[in-house]
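Single-structure report; data block below.
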Amino acid sequence: MKLYLFLAAVTAVFVFGIYYSGYNNGRQKCRVQFNENITQQQANVIKIQGEVHETLFNSRGGDIRRVLREKYTIAE
C-alpha cells in the first residue's frame with residue numbers, strides 16, 4: 001500500500017511539473033509574440049511619419065500656411 005501511495009505522489013509531482021513547464025513555455029511564447037508585434041507597429045509608425053514629413057516638406061507646407069493666413073483673417 002505504501003508503494004502505491006509513493007507512486008501516486010511521484011506521478012502527481014511529475015504531472016504538475018509538466019503542467020508548470022508548459023504554462024511557463026506558453027507565457028514566454030506569448031511575451032515574445034507581443035514584443036514582436038509592438039516592434040512591428042513602431043516600425044510602421046516611423047515609416048508613416050517619414051512619408052508624411054516627406055510629403056509635407058515637398059509640398060511646401062509653410063507656403064500653404066502663409067497663403068491661407070493672408071486670404072482668411074479673423075476679421076472675415
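The values are calculated or read from the model by the stated rules, or taken from the named source; none is laboratory data. Remember, it's a predicted structure, so these values are computed and weren't measured experimentally. We place every Cβ from the backbone using ideal geometry, glycine too, and count neighbours over all the protein chains shown. We work out accessible area using only protein heavy atoms, side chains counted, and drop any ligands, DNA or RNA first. Shrake-Rupley method; radii C 1.70, N 1.55, O 1.52, S 1.80 Å.
When Gly50, Gly61, Gly22 are screened for being at pLDDT 85 or above, under 34 Å from the mean Cα position of the chain (by Cα) and either among the small types (Gly, Ala, Ser) or open to solvent by less than 70 Å² (accessible area, probe 1.4 Å) (or both), only Gly22 passes.
Looking at this structure, is Phe34 modelled with pLDDT of 95 or more and surrounded by 10 or more Cβ atoms within 10 Å (Cβ to Cβ)? Spelling it out, Phe34 is indeed modelled with pLDDT of 95 or more and surrounded by 10 or more Cβ atoms within 10 Å (Cβ to Cβ).
Do we have Val15 as β-branched (Val, Ile, Thr), at pLDDT 95 or above and open to solvent by 70 Å² or more (accessible area, probe 1.4 Å) here?
Numbers: β-branched (Val, Ile, Thr): yes; at pLDDT 95 or above: yes; open to solvent by 70 Å² or more (accessible area, probe 1.4 Å): yes.
Yes; evaluated as a whole, the condition is true for this residue.
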